[in-house]
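Please read the structure below before turning to the comments.
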Amino acid sequence: MANNLWSCAVLLCFLTLTLEVKDGFGMVKPASRACIVGAGYSGLATARYMKDQGLNFTVFEATKYVGGTWRFDPHVGTDEDGLPLFTSQYKNLRINTPRLTMEYTGFPFPEDTQSYPTGECFYKYLKLFTKEFDLYPYIQFRSLVTSIKWADGQWNVTYTKVDTKTNHTEQCDFVTVANGEFSSPVWPNFDGQQDFKGKMIHSHDYKDPEDYRNRRVLLVGAGPSGLDLAMHLSNVTSKLVHSHHLKYNQPYFSETYVKKPDIRMFTSNGVVFQDNSFEEVDDVIFCTGYDFTHPFLDKSVGITATGKFVLPLYQHTINIRHPTLAFVGVSKKILNSVLEAQAEYVAALAAGNFELPPQESMLKIWLTHVLTQKARGMRLVDVNVVDNDADDYFANMTAEAGIRRRPPVLSDIRQFNARYRLEDLLNYRDFDYQIVDDHNYKRWYNPRKGNPCPFED
């Protein structure tokens, strides 16, 4: 706690000394040239709303594809162009939150689609969205952004053309960073880890349960990926050892499933746990989360960006120091509808449709958020967390920008699903949801064989 308070004090002093406060700083003229980094879920949403506003913009996408982390790529480590993989998709994945909280406004799945479609199906949905709203002409593919600098009152966005290996710089007066958060895996470090002779990967590189058939596998972590892979692997492996400290209603996975506490150390052929028990394993899969990665942000942007947080951001989105730089998708513990609302908010700001508060006011609002998080027992690294405040966040953000308010029922579905998923992990996806009105929804048992998708390839 003392360290957290010290961090807050240092941060406050830093901001007070370096922030040049100007009344009316929040006034933003319509952007004559806007740039978006990334063509995943968040980048596509931002492009859709910037197009609606009639803005001149370009989306810079490093790969040859839209969809970001929702596109399955069979490569491991690097893609076909030699870039680090920006997707963590794997075979047989199904979304773990009802699609109603993930659909773009005005572009729903067909009504009879199961509430938890596959990742492959959701990727098809994103491609259809891109085509339906005619976004492809605005996307510059194979363009890896390497630098964003603020100089002489404008943004210099430098990118490398992946196919020609040439560097280019464009000037923009509004930039939206929407490069996602599932491409920089967090690797833990245990004693003896370097001595282990088996194969170690992060879930970022996991592709297919068949790769582990009849193998002895250690799964580390019980976040969304850890729990999902436990279901995928428990009936494939000869033994699945699952190390985690999550308290939940653990289901019966299989006879070969073994729950273990946290790791103490590795040996050449296995692992010792905190209870001093030992398990011999062939493979290790770390499901230990991801860091933010913004290597292209120059210090001139006025943002403190680490693997754990990005700050200070007004409305979890706007760079307080330079409000013509926005982030869509760095908020944690959210539903996708939050990302889409952020995208519409950013587009409305870029179009000059509303005025931000003065810089000093934005900073005070942000600091109030930091202190509120601290009072709840959260750490400074949780500064980008929205979680159960999503509905209030929707209300405040949409009212300020004069955009459509996302209905409270979306937050209710998300919160119920987050609880129920841990109560009935093996069966929660067999239920369908339907929104009745802005405050109510229906839910019923409706398992589907084969996980059908309404979209063609």
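The values are calculated or read from the model by the stated rules, or taken from the named source; none is laboratory data. Given the structure is predicted, the values throughout are model-derived calculations rather than measurements. With ideal geometry, Cβ positions are generated from the backbone for all residues, glycine too; neighbour counts draw on all protein chains shown.
Mind checking whether some residue in segment 80-94 is in contact with a helix residue (DSSP H, G or I) (Cβ under 9 Å, 6 or more places away or on another chain), in the same structural domain as residue 161 (by TED's automatic domain parsing), more than 30 Å from residue 449 (Cα to Cα) and among the hydrophobic types (A, V, I, L, M, F, W, C)?
yes
Scanning for something in a helix (DSSP H, G or I), modelled with pLDDT of 95 or more and either closer than 28 Å to residue 409 by Cα or β-branched (Val, Ile, Thr) (or both), does segment 90-99 turn up at least one residue?
Scanning segment 90-99, I find at least one residue that is in a helix (DSSP H, G or I), modelled with pLDDT of 95 or more and either closer than 28 Å to residue 409 by Cα or β-branched (Val, Ile, Thr) (or both), so the answer is yes.
Test residue 62 against the criterion of being touching a residue at least 12 places away in the same chain (Cβ under 8 Å) and assigned to a loop (DSSP other than H, G, I, E, B), and give yes or no.
When the stated conditions are applied, residue 62 passes them.
Restricting segment 371-383 to residues that are out of contact with any strand residue (DSSP E or B) (no Cβ under 8 Å at 6 or more places or on another chain) and among the hydrophobic types (A, V, I, L, M, F, W, C), which is surrounded by the most Cβ atoms within 10 Å (Cβ to Cβ)?
It comes out as 380.
Can you name every residue in segment 178-198 that is in a strand (DSSP E or B) and either free of Cβ contacts under 8 Å to residues at least 60 places away in the same chain or more than 24 Å from the chain's Cα centre (by Cα) (or both)?
191
Could you identify the single residue in 255, 279 that is more than 29 Å from residue 378 (Cα to Cα), in a strand (DSSP E or B), out of contact with any Pro (no Cβ under 9 Å at 6 or more places or on another chain) and modelled with pLDDT of 95 or more?
279
So residue 298 ticks every box in (1) in contact with a helix residue (DSSP H, G or I) (Cβ under 7 Å, 6 or more places away or on another chain); (2) surrounded by fewer than 20 Cβ atoms within 10 Å (Cβ to Cβ); (3) under 26 Å from residue 86 (Cβ atoms) but one. Which box is left unticked?
Tallying (1) in contact with a helix residue (DSSP H, G or I) (Cβ under 7 Å, 6 or more places away or on another chain); (2) surrounded by fewer than 20 Cβ atoms within 10 Å (Cβ to Cβ); (3) under 26 Å from residue 86 (Cβ atoms), residue 298 fails exactly one: (1).
Just to be sure I understand, how many residues within segment 304-358 are assigned to a helix (DSSP H, G or I), hydrophobic (A, V, I, L, M, F, W, C) and at pLDDT 95 or above? Steps first, please.
Filtering segment 304-358 for residues assigned to a helix (DSSP H, G or I) gives 336-350.
Next cut, hydrophobic (A, V, I, L, M, F, W, C) only: 338-339, 341, 343, 346-350.
With the extra rule that they be at pLDDT 95 or above, the set shrinks to 343, 346-350.
Number of matching residues: 6.
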